[in-house]
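A.B. asks: Provided herewith is a single structure, encoded as C-alpha coordinates, for subsequent inquiry.
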Amino acid sequence: MKFFPRLRAAVLLACLCVFSLAAQAQSPAEPQLKPNPLETLRSFEPAADEEYRLGKGDEITIDFVGRPDLAAKLVVGPDGRITLPLAGDVMLAGQTREDAAKAIDTALAPYYTNLQAQVTVTKYTANKVLVLGAWRSLAS
(Lines give C-alpha, C1' and ligand atoms only; values in the text may rest on other atoms or scores of the structure.)
Protein backbone atom coordinates (compact mmCIF):
# COMPACT_ATOMS: atom_id res chain seq x y z
CA MET A 1 0.00 0.00 0.00
CA LYS A 2 2.86 2.36 0.55
CA PHE A 3 3.85 1.98 -3.11
CA PHE A 4 0.51 3.18 -4.50
CA PRO A 5 0.73 6.86 -3.35
CA ARG A 6 4.22 7.17 -4.76
CA LEU A 7 3.09 5.73 -8.10
CA ARG A 8 0.15 8.10 -8.20
CA ALA A 9 2.45 11.05 -7.49
CA ALA A 10 4.87 9.94 -10.23
CA VAL A 11 2.02 9.61 -12.76
CA LEU A 12 0.67 13.02 -11.83
CA LEU A 13 4.14 14.53 -12.16
CA ALA A 14 4.60 12.91 -15.60
CA CYS A 15 1.21 14.20 -16.77
CA LEU A 16 2.06 17.70 -15.60
CA CYS A 17 5.35 17.59 -17.52
CA VAL A 18 3.60 16.40 -20.72
CA PHE A 19 0.90 19.09 -20.46
CA SER A 20 3.52 21.71 -19.72
CA LEU A 21 5.53 20.75 -22.81
CA ALA A 22 2.40 20.74 -24.96
CA ALA A 23 1.43 24.18 -23.72
CA GLN A 24 4.90 25.51 -24.48
CA ALA A 25 4.77 24.08 -28.00
CA GLN A 26 1.40 25.72 -28.64
CA SER A 27 2.32 29.09 -27.19
CA PRO A 28 2.85 31.66 -29.94
CA ALA A 29 6.36 32.67 -30.85
CA GLU A 30 7.47 36.18 -30.27
CA PRO A 31 5.76 38.50 -32.73
CA GLN A 32 7.86 39.52 -35.71
CA LEU A 33 7.24 42.29 -38.16
CA LYS A 34 6.64 41.15 -41.72
CA PRO A 35 7.89 43.22 -44.66
CA ASN A 36 5.38 45.38 -46.48
CA PRO A 37 4.19 43.51 -49.63
CA LEU A 38 4.39 46.73 -51.64
CA GLU A 39 8.08 47.07 -50.83
CA THR A 40 8.63 43.49 -51.99
CA LEU A 41 6.89 44.28 -55.30
CA ARG A 42 8.91 47.46 -55.75
CA SER A 43 12.12 45.43 -55.62
CA PHE A 44 11.10 43.82 -58.94
CA GLU A 45 10.65 47.16 -60.72
CA PRO A 46 13.50 48.42 -62.86
CA ALA A 47 14.95 51.84 -62.21
CA ALA A 48 12.98 54.69 -63.79
CA ASP A 49 15.81 55.59 -66.16
CA GLU A 50 16.76 52.01 -67.09
CA GLU A 51 16.61 51.28 -70.81
CA TYR A 52 14.41 48.52 -72.15
CA ARG A 53 16.23 45.35 -73.12
CA LEU A 54 15.06 43.33 -76.10
CA GLY A 55 13.70 39.87 -75.47
CA LYS A 56 12.19 36.87 -77.17
CA GLY A 57 9.10 37.71 -79.18
CA ASP A 58 9.67 41.47 -79.39
CA GLU A 59 8.84 42.93 -82.79
CA ILE A 60 11.39 45.44 -84.03
CA THR A 61 11.76 47.74 -87.01
CA ILE A 62 15.24 48.33 -88.37
CA ASP A 63 15.80 51.47 -90.44
CA PHE A 64 19.05 52.47 -92.08
CA VAL A 65 19.93 56.13 -92.63
CA GLY A 66 19.98 56.79 -96.38
CA ARG A 67 19.12 53.16 -97.23
CA PRO A 68 15.32 52.70 -97.18
CA ASP A 69 15.71 49.54 -99.28
CA LEU A 70 17.32 47.78 -96.31
CA ALA A 71 14.55 48.59 -93.80
CA ALA A 72 13.07 45.51 -92.15
CA LYS A 73 10.41 44.54 -89.64
CA LEU A 74 11.54 41.46 -87.69
CA VAL A 75 10.61 39.44 -84.61
CA VAL A 76 13.22 38.37 -82.08
CA GLY A 77 13.07 34.58 -82.16
CA PRO A 78 12.74 32.17 -79.24
CA ASP A 79 16.51 31.79 -79.27
CA GLY A 80 16.94 35.60 -78.91
CA ARG A 81 18.19 36.09 -82.46
CA ILE A 82 17.05 37.75 -85.66
CA THR A 83 18.05 36.65 -89.14
CA LEU A 84 19.37 39.25 -91.58
CA PRO A 85 19.86 38.67 -95.31
CA LEU A 86 23.56 38.15 -96.08
CA ALA A 87 24.68 38.42 -92.44
CA GLY A 88 22.67 35.56 -90.97
CA ASP A 89 21.76 35.29 -87.30
CA VAL A 90 22.41 38.18 -84.91
CA MET A 91 21.87 37.81 -81.14
CA LEU A 92 19.75 40.67 -79.78
CA ALA A 93 18.13 39.30 -76.61
CA GLY A 94 19.19 41.23 -73.53
CA GLN A 95 20.53 44.19 -75.51
CA THR A 96 19.30 47.78 -75.50
CA ARG A 97 18.14 49.34 -78.76
CA GLU A 98 21.49 51.13 -79.18
CA ASP A 99 23.47 47.93 -78.55
CA ALA A 100 21.25 46.05 -81.00
CA ALA A 101 21.83 48.72 -83.66
CA LYS A 102 25.59 48.39 -83.17
CA ALA A 103 25.39 44.58 -83.42
CA ILE A 104 23.42 44.88 -86.68
CA ASP A 105 25.91 47.42 -88.05
CA THR A 106 28.78 45.09 -87.19
CA ALA A 107 27.08 42.06 -88.78
CA LEU A 108 26.41 43.95 -92.04
CA ALA A 109 29.77 45.79 -92.15
CA PRO A 110 31.44 43.24 -94.49
CA TYR A 111 28.67 43.77 -97.04
CA TYR A 112 27.84 47.51 -96.76
CA THR A 113 29.87 50.59 -95.92
CA ASN A 114 28.81 53.44 -93.66
CA LEU A 115 25.63 51.79 -92.37
CA GLN A 116 23.88 53.31 -89.42
CA ALA A 117 20.99 51.22 -88.09
CA GLN A 118 18.16 52.52 -85.95
CA VAL A 119 16.17 49.97 -83.97
CA THR A 120 12.61 50.69 -82.88
CA VAL A 121 10.54 48.32 -80.77
CA THR A 122 7.08 48.16 -82.33
CA LYS A 123 5.63 45.42 -80.15
CA TYR A 124 6.72 44.53 -76.62
CA THR A 125 6.05 40.87 -75.88
CA ALA A 126 9.11 39.73 -73.94
CA ASN A 127 7.89 40.98 -70.56
CA LYS A 128 5.43 38.42 -69.28
CA VAL A 129 3.47 38.97 -66.09
CA LEU A 130 2.05 36.16 -63.99
CA VAL A 131 -0.61 37.09 -61.45
CA LEU A 132 -1.37 34.58 -58.71
CA GLY A 133 -4.13 34.72 -56.16
CA ALA A 134 -7.87 34.82 -55.79
CA TRP A 135 -9.98 37.42 -57.51
CA ARG A 136 -13.64 38.11 -58.01
CA SER A 137 -15.44 39.93 -60.70
CA LEU A 138 -17.10 43.22 -59.81
CA ALA A 139 -19.40 42.93 -62.83
CA SER A 140 -21.88 40.63 -61.14
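A.B. asks: Just name the residue that is least open to solvent (accessible area, probe 1.4 Å) out of those in the range 87-98 that are in contact with a helix residue (DSSP H, G or I) (Cβ under 7 Å, 6 or more places away or on another chain) and assigned to a loop (DSSP other than H, G, I, E, B).
C.D. replies: Leu92
A.B. asks: Quick one: is Glu39 closer than 22 Å to Glu98 by Cα and open to solvent by 100 Å² or more (accessible area, probe 1.4 Å)?
C.D. replies: no
A.B. asks: Moving on. For the range 52-78, name all the residues that are open to solvent by less than 90 Å² (accessible area, probe 1.4 Å), in a loop (DSSP other than H, G, I, E, B) and not basic (Lys, Arg).
C.D. replies: Tyr52, Leu54, Gly55, Gly57, Asp58, Val65, Gly66, Ala71, Val76, Gly77, listed by residue number.
A.B. asks: It is to be established whether one or more residues within the range 99-119 are assigned to a strand (DSSP E or B), hydrophobic (A, V, I, L, M, F, W, C) and touching a Phe, Trp or Tyr at 6+ places or on another chain (Cβ under 9 Å).
C.D. replies: Yes: one or more hits.
A.B. asks: Ok, one more. Quick check: anything in the range 112-133 under 26 Å from the mean Cα position of the chain (by Cα), open to solvent by less than 40 Å² (accessible area, probe 1.4 Å) and without any contact (Cβ under 8 Å) to a residue 24 or more places away in the chain? Steps first, answer last, please.
C.D. replies: Within the range 112-133, the subset under 26 Å from the mean Cα position of the chain (by Cα) is 119-133.
Right, trim to open to solvent by less than 40 Å² (accessible area, probe 1.4 Å) and you get 119, 121, 125-126.
This time we only want the ones that are without any contact (Cβ under 8 Å) to a residue 24 or more places away in the chain, so: none.
Looking through the range 112-133, none of the residues is under 26 Å from the mean Cα position of the chain (by Cα), open to solvent by less than 40 Å² (accessible area, probe 1.4 Å) and without any contact (Cβ under 8 Å) to a residue 24 or more places away in the chain.
The values are calculated or read from the model by the stated rules, or taken from the named source; none is laboratory data. This is a predicted model, so every value here is computed, not measured. Neighbour counts run over all protein chains shown; Cβ positions are idealised from the backbone, glycine included. Keep in mind that these areas ignore ligands, DNA and RNA; they rest on the heavy atoms of the full protein, side chains included. Shrake-Rupley method; radii C 1.70, N 1.55, O 1.52, S 1.80 Å.
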